[in-house]
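Taking it in order: structure first as structure tokens, then the write-up.
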Amino acid sequence: DGVDIVIWVVVSKVKRNEKIQDEIAEKLGIFEGESWKHKTEDQKAYSIRNSLKTKRFVLFLDDIWSKVELKGIGVPFPTKENKCKIVFTTRSREVCALMGDTNPVEVS
């Protein structure tokens, strides 16, 4: 059993939820041009959540410098039932802890 979609988002130092949402929406095929741009952050989160809730996904958040609120951007929390995964890269053990990772893997 594979995944339905793999989403890769480079977050970088200046984290903006709207930018993360826009990139996820593009990968999901729900970025609706001008109408998407006029949605609020909550409306975008709702659309992303509705699209992802029926998919088995892997989300890569690359180069995060602060906590990313998954619920706020519309990403369902991974569970054993939905078999989804979230992977992130950071240079900070503190960010690992804020993201709930108690056993980070260091890559050099």
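The values are calculated or read from the model by the stated rules, or taken from the named source; none is laboratory data. Everything numeric in this text was worked out from a predicted model, so none of it was measured. Cβ placement follows ideal geometry from the backbone for every residue including glycine, while neighbour counts extend to all protein chains displayed.
Just to be sure before I move on: is PHE60 surrounded by 18 or more Cβ atoms within 10 Å (Cβ to Cβ), part of a strand (DSSP E or B) and on the phi < 0 side of the Ramachandran plot in the structure I sent? When the stated conditions are applied, PHE60 does not pass them. Pick from the range 65-75 the residues that are modelled with pLDDT of 95 or more and not in a helix (DSSP H, G or I): which of them is nearest to the chain's Cα centre (by Cα)? Checked the range 65-75; the qualifying residue nearest to the chain's Cα centre (by Cα) is VAL75. Of the residues GLU106, GLU94, GLU81, the single one that is of a type in the set (Asp, Glu) and part of a helix (DSSP H, G or I) is GLU94. Within the range 21-43, residues that are touching a residue at least 24 places away in the same chain (Cβ under 8 Å) sit with their Cβ atoms under 6 Å from residues that are among the aliphatic types (A, V, I, L, M), at 6+ positions apart or across chains, in these pairs: GLN21/ILE73; ILE24/ILE7; ILE24/ILE48.
I'd like to know if the range 95-104 contains one or more residues that are of a type in the set (Val, Ile, Thr), more than 19 Å from LYS27 (Cα to Cα) and in contact with a helix residue (DSSP H, G or I) (Cβ under 9 Å, 6 or more places away or on another chain). Within the range 95-104 (the criterion being of a type in the set (Val, Ile, Thr), more than 19 Å from LYS27 (Cα to Cα) and in contact with a helix residue (DSSP H, G or I) (Cβ under 9 Å, 6 or more places away or on another chain)), the answer is yes, since at least one residue qualifies.
Go through the range 58-71 and give me each residue that's in contact with a helix residue (DSSP H, G or I) (Cβ under 9 Å, 6 or more places away or on another chain) and within 13 Å of ILE24 (Cα to Cα). Write out each step before concluding.
Initially, the range 58-71 is screened for residues in contact with a helix residue (DSSP H, G or I) (Cβ under 9 Å, 6 or more places away or on another chain), giving 59, 61, 64-69, 71.
Once the filter is applied, which keeps residues that are in contact with a helix residue (DSSP H, G or I) (Cβ under 9 Å, 6 or more places away or on another chain) and within 13 Å of ILE24 (Cα to Cα), the range 58-71 yields LEU59, LEU61.
Name the residues in the range 6-40 that are among the β-branched types (Val, Ile, Thr) and either surrounded by 16 or more Cβ atoms within 10 Å (Cβ to Cβ) or assigned to a loop (DSSP other than H, G, I, E, B) (or both), would you? Result: ILE7, VAL9, VAL11, VAL14, ILE20, ILE24, ILE30, THR40. Of all the residues in the range 72-92, those that are surrounded by 11 or more Cβ atoms within 10 Å (Cβ to Cβ) and of a type in the set (Lys, Arg) number 2.
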